[in-house]
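Data block below; observations after.
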Ligand SMILES: NC(=O)c1ccc[n+]([C@@H]2O[C@H](COP(=O)([O-])OP(=O)(O)OC[C@H]3O[C@@H](n4cnc5c(N)ncnc54)[C@H](O)[C@@H]3O)[C@@H](O)[C@H]2O)c1
């Protein structure tokens, strides 16, 4: 046994990390405040896309236990914090999850422990929020009695290519010893662990990664809109540009951005810039504006297409395909399908949906829509079929051929009269 680890937060980030640490020979406690998550995990049931029930059972066989009892922290040499960092009122960072998890860690912290924060957050959180909280709750001194580092998660849910072990891991500690202790832990299951000179550099690197995606997606989204006006096919434009072997990276337009990272994390950076420096981070704010406009743009385009067919949105059946935030996963967090459905319902359209990963779809207003039971029949009957996520289970060409009118928002078919 390599040692004992407590991973605080057993969600999309914490659970795969617990799996890797268990596999590499650590005794792992998965600490979570959600009792039903804990009991499901201990019964071998996974609640995230990247792990099957069988994987959780293998973890249990390897010594993993989920728990809501923080006593496990006392016996652990490593504590990793993987709790949510959503946005609060007015789009500002909501750090209460990090604060609560850090306080819990501090209350049970033993001398010699290494604490690592993985949650995405603004620069300074590890040293200005976690460090004083840990010291206050434990009565111990950071750097002397315990080590502290930040190591951002880079999970790509649903990816077959990149997992924890083959994605390089950044580690920045409050001092050299903290960086080394955290590196030692990750090196037991990650191929390449990269040192950063401090926690702020590691925190900011993660925000740069997500902001880079956010801004580039906004760029192609805006290009998609103007290409449509100019009657130029954006997908062909991207296909052409992507043949350049240097200086270009492909990003695709879409119905909007979703998930826990892209719509949220760059706000942490712009908040910090405004708070510390007093001016806006214009790229982030512009990207936010463009990406947030996409669901409404898709609804406008649906209206235009129906209008061409001499049909009003009011009373037309709109079948949405794929309501998760990206293909081939069940995660619906911040999915653009939600505002699209709400707008369509407001305009009195008959909204139907299909998604192989979502059996019942709950809208933000609490309405629950049933998935169409016969996809083929629904395709034949809907006034318009809108592809929002091209799950690999979908035969998109066949879907297009079966539909009366087909609107492709993800560039999934070779050619279509109606594309984003
Ligand atoms: N999901 C992703 O693809 C992804 C990728 C990279 C980074 N991140 C970052 O990782 C962090 C965690 O995200 P996630 O997707 O795993 O969230 P999640 O919602 O899937 O899981 C978080 C878990 O933490 C638990 N929790 C909340 N407060 C707690 C507390 N005080 N003590 C113990 N458990 C607590 C919740 O019950 C939940 O099970 C976020 O900062 C996110 O930005 C997420």
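Computed from the coordinates by the stated procedures, all read-outs in this text should not be read as laboratory data. Here the structure is a predicted model, which is why all the values come from computation and not from measurement. Backbone-built Cβ (ideal geometry, glycine too); neighbour counts: all protein chains shown.
What to note about this one:
- The distance from the alpha carbon centre of region 106-170 to that of region 199-224 is 22 Å, rounded to a whole number.
- Mean residue ellipticity, 222 nm, helices only, the chain: the sum of -39500 (n - 2.57) across DSSP H runs of n ≥ 4, divided by residue count and rounded to 500, is -12000 deg cm²/dmol.
- Each Cα pair of region 137-176 feeds into the Kirkwood radius, which the Stokes-Einstein equation turns, at 4 °C and 1.567 mPa s, into a diffusion coefficient of 103 µm²/s.
- Residues 308, 89, 203, sorted so that the one with the fewest Cβ neighbours within 10 Å comes first: 89, 308, 203
- The stretch between residue 293 and residue 43 holds 85.7 nm of extra length on full extension. This uses 0.36 nm per residue minus the Cα-Cα distance.
- Length-normalised contact order for the chain - Cα pairs under 8 Å, 6+ apart - percent: 10
- For residue 99 and residue 231, the difference between the fully extended length at 0.36 nm per residue and the C-alpha to C-alpha distance is 42.4 nm.
- Calculated FRET efficiency, residue 128 to residue 286, Cβ-Cβ distance, R0 = 25 Å: about 0.30 to the nearest 0.05.
- Relative contact order, percent, region 38-126 [alpha-carbon distance under 8 Å, six or more residues apart]: 28
- With all pairs of different C-alpha atoms in the average, the Kirkwood value for the hydrodynamic radius of region 216-419 is 17.9 Å.
- Of the Cα atoms belonging to region 4-196, the radius of gyration and Dmax stand at 15.5, 45 Å.
- The ranking of 126, 204 by Cβ neighbour count inside 10 Å, starting from the fewest, reads 204, 126.
- Per residue convex hull volume, Cα atoms of the chain, in Å³: 152
- Among 98, 217, sorting on how many other beta-carbon atoms sit within 10 Å of each Cβ, with the fewest leading, yields 217, 98.
- Between residue 92 and residue 348, the simple spin-label model (points 7 angstrom out along Cα→Cβ) gives 4.2 nm.
- Two-site FRET efficiency, residue 68 against residue 2, from Cβ-Cβ distance with R₀ of 30 Å, rounded to 0.05: 0.75
- Extension gain from residue 371 to residue 415, taking 0.36 nm per residue of separation minus the Cα-Cα distance: 13.1 nm
- Peptide packing for 162-171, 205-214 was compared via the average number of neighbouring C-beta atoms within 10 Å per residue; ordered from the highest value, the list is 205-214, 162-171.
- With a simple spin-label model that places each label point 7 Å from the Cα along the Cα-to-Cβ direction, the separation between residue 362 and residue 111 comes to 4.8 nm.
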